[in-house]
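The values are calculated or read from the model by the stated rules, or taken from the named source; none is laboratory data. These figures come from a predicted structure and were not determined experimentally. Backbone-built Cβ (ideal geometry, glycine too); neighbour counts: all protein chains shown.
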Amino acid sequence: MSSPNQTDQTNPLITPDGLAALGDVTLLDVRWHLGGPPGIELYREGHLPGAVYCDLDTDLAAPPGAGGRHPLPDAATFQSAMRRLGVRDDRPVVVYDDVGSTVAARAWWALRYFGHQDVRVLDGGLSAWTAAGLPTTKEAPPVKEGDFTARPGGMPVLTADEAAAVAAEGVLLDARAAERYRGEVEPVDPVAGHVPGAVNAPTTANVGPDGRFLDPAALRARFAELGVGEG
């Protein structure tokens, strides 16, 4: 990191010490758990100083329906939500959760898809922050409305038909837990199982026991074993 007030825009991750050294930053707590408890309750029990709660169901996704359980919101809706949370075009955003960065990755991706150029995931999430001896608070900070402008198209997306074609002709990764991939359990979706041809790659295997992402070499080896090539 070149200075305490800048982030390395080539790296989607930031360490607790790196975050603590940042100056002006928008910090989003995106904790969410399948089946509960509601993330806002966890936020009220304690969060990083300066963090604002961002809800997966209402801020990072459109209502469930024909587009799936957590479809992308339209640009106007996403822009309104991010402005309400204080997101600005010219200020870095850091997102964190407490489930191996699964939800934080969704927030990172959504912000990048809608055009924000400087977004980081706190590597290891809340547990890494507290393990570093850094403080938490129950106080919700005042939020000044942001000026973020949503510009869709910053990240690639696929339709269901396109995803099926990738599964048939290339490598489509199913990032859910193995038992859901196999269709043995399905706590929320109406149909169990997976897209024909998809390869199971649970997100939990991307991180170590401490919740931090594996190093690049280990991740590269993991995805190579799953059939993912370079480029």
- Determine if the range 167-185 includes at least one residue that is assigned to a loop (DSSP other than H, G, I, E, B), modelled with pLDDT under 95, in contact with an Asp or Glu (Cβ under 7 Å, 6 or more places away or on another chain) and surrounded by 13 or more Cβ atoms within 10 Å (Cβ to Cβ). no
- Item | Within the range 135-171, tally of residues that are closer than 29 Å to residue 44 by Cα and out of contact with any helix residue (DSSP H, G or I) (no Cβ under 6 Å at 6 or more places or on another chain) | 12
- Query: Here is a list of conditions, (1) in contact with a helix residue (DSSP H, G or I) (Cβ under 8 Å, 6 or more places away or on another chain); (2) surrounded by 13 or more Cβ atoms within 10 Å (Cβ to Cβ); (3) within 30 Å of residue 26 (Cα to Cα), and residue 222 meets all of them except one; can you say which number that is?
  - Reply: (3)
- Item | Single residue of 80, 101 found to be among the polar types (S, T, N, Q), under 26 Å from residue 194 (Cα atoms) and not assigned by TED's automatic domain parsing to the domain that holds residue 203 | 101
- Note on the structure: Looking across the range 17-69 at residues that are aromatic (Phe, Trp, Tyr) and touching a Gly at 6+ places or on another chain (Cβ under 9 Å), the single one that is farthest from residue 102 (Cα to Cα) is 53
- Looking only at helices (runs of 4 or more DSSP H) that fall completely inside the range 19-137, which ones have 3 or more residues that are among the small types (Gly, Ala, Ser)? 75-84, 102-113, 125-131
- Of all residues in the range 81-122, which are among the hydroxyl-bearing types (Ser, Thr, Tyr) and surrounded by fewer than 24 Cβ atoms within 10 Å (Cβ to Cβ)? 102, 113
- Message: Please go through (1) in contact with a helix residue (DSSP H, G or I) (Cβ under 6 Å, 6 or more places away or on another chain); (2) more than 23 Å from residue 98 (Cα to Cα) for residue 191 and return the number of the only condition it doesn't satisfy.
- Response: (1)
- Message: Scan the range 33-43 and tell me whether some residue there is in contact with a Phe, Trp or Tyr (Cβ under 9 Å, 6 or more places away or on another chain) and free of Cβ contacts under 8 Å to residues at least 12 places away in the same chain.
- Response: yes
- Item | Residue satisfying condition, being out of contact with any Lys or Arg (no Cβ under 6 Å at 6 or more places or on another chain) and modelled with pLDDT of 95 or more, within set 143, 94 | 143
